[in-house]
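Handing you this structure, nothing more for now.
All of the numbers you see were taken from the coordinates with simple rules; none came from a lab. Just so it is clear, the structure is predicted and the values come from calculations on it, not from any experiment. Here the Cβ positions follow ideal geometry from the backbone for every residue, glycine too, while neighbour counts run over all protein chains shown.
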Amino acid sequence: MTTDQLRPDPVPVPGLGPDGPDAADAGPNALPVPVPSRPAVGEGWFFLSEALRTFRLTGAVAPSGADLVNALVVPATSRPDRPISVLEVGAGTGAVTRRLVRVLRPGDRLHVVESNPRFVQRLLADPELVRRGPELGLRVSECRVQDLPEARAAEAAGRPGAGGDDPAGGGGSGCEAPGCGQAGAAAGRYDVIVSGLPFTNFEPVAVQRVLDLYLRLLVPGGELTYFAYLGTSAARLLTSRPRRGAQHRAVVRLLRQFEKEYGLGSRTAWRNVPPARAHLLRTPGGHRARAAGRIPPAGGPDEAAR
């Protein structure tokens, strides 16, 4: 959950640990999950220390709470009856990641992107990720989302997000590689994207670029979740200079337009710190029926029916 995803000119990082299931095609910044593990301790304090150290890059003061996590993983739990591919952007210390590895099935694929190296090391040592990583084809990449090989390929090709002019046609993933019918990641595209990026910390042009990239990376009918903290507009008005306040309002308008075009519903996680609203969106195309308001109400079961 870091704004570091949008910083320019990242330094390539060599792979850590032994070769993972995607080592051959994961790209120079992909880090396979290593064998050693240790229990996650003091996650809240660790997250807070990173937030205080790099506050403008972290964008939060605590990991996502259970209600918010439940809302963000809905597309991975209400899913087609086939293996799916999931991209998580801005994983932080892994609150959402751990829920994803619990609800995903063997044969699914999970790609986690986080640019803070301390958070990445935390993820690589998480025992739950180590245990389930091999059966989920888990990749952990230390970079910005737009510097993933598949993101660069999507932007270079100028692919639309989805729809009638998609080069794949219909509801397919556009992949011709062996096995790509089972999960979109084989084609560099995903069925689900879960974004932890705090968009209102960014310039509008950067937000637009990332949203456009998400559309390109999703298969037709693919689903995206992201969240925003409540009360940020009032806080910016009281604490920020006029330029920052104007930037914040411009980003909010951009997001509202994006949600108007692609949104399925939203849910407010009042018990999160701070309270936040999760949004569920879907790209055009595909064969999944539209279901507005699919995000379950707060206080519901931890996992939606598969």
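At 7 Å along the Cα-to-beta-carbon direction for both Ala246 and Arg105, put a label point, then send me their distance in nm to one decimal.
5.2
Continuing with the same structure: How high is the FRET efficiency between Glu155 and Arg271 when r is their beta carbon distance and R₀ equals 35 Å, given to the nearest 0.05? Each step should come with its number before you reach the end.
Working: r = 38 Å, r/R0 = 1.08.
Once the sixth-power term is evaluated, E becomes 0.40.
Which cross-chain or sequence-distant (5 or more) residues have an amide H under 5 Å from the amide H of Arg109, H modelled 1.01 Å from N in plane?
Amide H to amide H, under 5 Å and 5 or more residues apart or across chains, Arg109 pairs with Ile84, Ser85, Val86.
Then there's this: Ranking Asp147, Asp212, Asp108 by Cβ neighbours within 10 Å, fewest first, what do you get? The partial results should precede the final answer.
On the way: Asp147 19, Asp212 16, Asp108 25.
Going from least to most buried by this count: Asp212, Asp147, Asp108.
If you don't mind, there's one more thing I want to ask. Work out the FRET efficiency for Arg253 and Glu128 from their Cβ-Cβ distance, taking R0 = 51 Å, and round it to the nearest 0.05.
According to the calculation, E is roughly 0.85.
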